[in-house]
Amino acid sequence: MALYTQILRIITHKPKSKYFSYISVPPFSTTNTAATCVYDPPPPQLPPFDYSPKPYKGPMVDEILSKRNKFLGSTLFHYYEKPLNLVEGKMQYLFDENGRRYLDAFGGIVTVSCGHCHPEVLKAIIQQSKLLQHTNTIYLHHAVADYAEALAAKMPANLKSVFFVNSGSEACELATLMARLYTGNLQMISMRNSFHGASSSTVGLTALGMWKFPIPQGDVHHVMNPDPYRGVFGSDASKYVKDVQDYIDYGTSGTVAGFIAESFQGFGGATEVAPGYLKMVYDIVRNAGGVCIADEVQTGFGRPGTHFWGFESHGVIPDIITLAKGIGNGLPLGAVVTTPEIAKVMSQHVQFNTFAGNPVCSAGAHAVLRVIHQEKLQQNCAKVGSHLISRLKHLQQKHDIIGNVRGSGLMIGVELVTDRQAKTPAKQETLHLFENLRELGILIGRGGIHANVFRIKPPMCFTKDDADFLVDAMDYVMSKV
């Protein structure tokens, strides 16, 4: 009995190791011969990466946060309970003020396509900056024309006229203007749960429920979201399409200016579009005199893996395409690509933009196209994305909190629920896991109308080891919920 008491004291003593946790000890009795304990597995570790960040000597997080709160807009939000001060980036990794490395599984909101500070993109930017940083399109510069030619070459059919802008919001705003001028109609159609920008005009196109101030929508109608997971008709595209036809038949004079849709909803929670939906809607809209706009701000440039543009996976060719984010690997650039016929309507007034398509952004964006081709990043998205989705679906079988895994290439959504049958959004649990993943060194996106979706959209240089680490880390934190 004395020996058992001594063993019990040793086992139940709180260990120094953070990976050992005492679970339970049965109440002492003459029939008990052992105590029960378990060892927690250690958390997964970041894959090796041969790079050391430069020593950081700038202001620290508390000082920056204080200035931000004082001098920047009070509504400007930040990720994480304890904000991150990120000071350096290299390919798919980011480093904070202390030199800690993080795996960027969100690509700076899908802005970084080739990888942070990709050497070839940096080289192009630096070389052009040394020659001429800014001129304006009222003068000629080969970098602007060369990039427009290269971008047009990646487009199908007669989509050969390029207009450069500064952002995705501006691109969608210009595309809407084109649609209305070309058709002579005003009514625009967009899908619920969509996001097309934050300007005063694109707010009307956006139907995510995130805008709480009264902004006039300006002849915009939001049709049902053809979401195979949460949509009322599941994957039955024809029933969602009927909502579009009904609006045109009974809500307008029978004509519309255009229809705009993301090929794969981004901010709305990495939501897929029901198969066949876009093809049927495009036909309906064109029969009503409208044009079809593909918002490729998040899905373009090879990220879907199977195709270079998201709309190609739906078997459609739009009349107007909007681009931004990954177009410049972090440079402030956007573009609208359309047919020469539609482009002609802009000749009704002077087309002018002070900064859009400046030599530096054009040179950098052209380098992005070259890197995507030379490093076979679209193929990498297909290969690594397929592996990642497969592993996530296996993880779904293990953890009931995962309600849905969806995506293509390196544009993936993982929706968390507290009840799979009722699809009850796991809002607090998502936030908790979000913070814990950060502690393990993973920066991931969070979105969806209920903020219960992990948005996985990393730089396209993401590796299989990165994907495995991400899934192992998710498994680790979910096992502790």
task: Report the extension gain between SER199 and ALA152 in nm, rounded to one decimal, defined as 0.36 nm multiplied by the number of residues separating them, less their alpha carbon distance.
output: 14.3 nm
- prompt: How much length, in nm to one decimal, is gained on full extension between GLU375 and PHE352, taken as 0.36 nm per residue of separation minus their Cα-Cα distance?
  reply: 4.8 nm
- line: Once all protein chains are kept in place, HIS78 shows an accessible area at probe 1.4 Å, nearest 10 Å², of 80 Å²
statement: Relative contact order of the chain (C-alpha contacts under 8 Å, at least 6 apart) in percent is 20 percent
- line: Phi-derived 3J(HN,Hα) across segment 160-176 with the Karplus relation (6.51, -1.76, 1.60, θ = phi - 60°), rounded Hz, x for Gly and Pro, is 10, 9, 10, 10, 8, 9, 9, 7, x, 4, 5, 5, 5, 5, 5, 4, 5
field: Dipole of the chain [Lys/Arg +1, Asp/Glu -1 at C-beta], most positive-end residue of CYS381, PHE95, MET188
entry: PHE95
message: Tell me the label only: which of [x] 2.34; [y] 1.11; [z] 0.99 is Cα Rg over 2.2 N^0.38 Å as calculated from this structure?
response: [y]
message: Please list LYS457, LYS480, LYS325, LYS344 from largest to smallest accessible area, probe radius 1.4 Å, with all protein chains kept in place.
response: LYS344, LYS480, LYS325, LYS457
task: Give me the lysines in straight-line cross-link reach of LYS383: C-alpha distance below 26 Å, same-chain residues under 8 apart excluded.
output: LYS90, LYS154, LYS325, LYS393, LYS398, LYS457, LYS464
query: In terms of solvent-accessible area of protein heavy atoms at a 1.4 angstrom probe, what is the ranking of GLU415, GLU97, highest value first?
result: GLU97, GLU415
field: 10 Å Cβ shell holding at most 15 others, DSSP loop, chymotrypsin sites (Phe, Trp or Tyr not before Pro): longest site-free stretch of the chain
entry: 212-351
- line: Excluding ligands, DNA and RNA, the carbon-plus-sulfur percentage of the accessible area of the chain with a 1.4 Å probe reads 56 percent
- prompt: What is the sum of charges around PHE301, taking Lys and Arg as +1, Asp and Glu as -1, for the other residues whose C-beta is under 14 Å from the C-beta of PHE301?
  reply: +2
message: Nothing charged except the Cβ atoms of Lys and Arg (+1) and of Asp and Glu (-1): what's the magnitude of the dipole of the chain about its Cα centre? Round to the nearest 20 debye.
response: 980 debye
message: Please list 3J(HN,Hα) in residue order for segment 321-337, calculated via the Karplus relation 6.51 cos²θ - 1.76 cosθ + 1.60 where θ = phi - 60°; whole Hz, with x for glycine and proline.
response: 10, 10, 9, 5, 6, x, 4, x, 6, x, 6, x, 8, x, 8, 10, 10
- request: With r as the distance between the Cβ atoms of LEU122 and ARG68 and R0 = 22 Å, compute the FRET efficiency 1/(1 + (r/R0)^6) and round to 0.05.
  value: 0.25
query: Residue farthest toward the positive end of the dipole of the chain, with Cβ of Lys/Arg at +1 and Asp/Glu at -1: which of CYS361, THR430, VAL350?
result: THR430
query: With every protein chain present, what is the per residue accessible area of the chain (1.4 Å probe, Å²)?
result: 47 Å²
- line: With x for Gly and Pro, the residue-by-residue ³J(HN,Hα) of segment 82-99, computed from phi through the Karplus equation 6.51 cos²θ - 1.76 cosθ + 1.60 at θ = phi - 60° and given in whole Hz, is 10, x, 9, 9, 8, 10, 7, x, 8, 6, 8, 10, 10, 10, 8, 4, 9, x
task: Quick one: work out the % antiparallel among DSSP beta bridges in the chain, nearest 5.
output: 70 percent
message: If I stretch the segment between GLN421 and LEU84 completely, what's the gain in nm (0.36 nm per residue apart, minus their alpha carbon distance), one decimal?
response: 117.7 nm
Neighbourhood net charge (14 Å Cβ-Cβ; Lys/Arg +1, Asp/Glu -1) for GLU170: -1
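The values are calculated or read from the model by the stated rules, or taken from the named source; none is laboratory data. None of the values given here were measured: they were computed from a predicted structure. A quick note on method: Cβ atoms are made from the backbone with ideal geometry, for glycine too, and the neighbour counts reach across all protein chains shown. Just the protein is used for accessible areas: all its heavy atoms, side chains included, with ligands, DNA and RNA removed. Shrake-Rupley method; radii C 1.70, N 1.55, O 1.52, S 1.80 Å.
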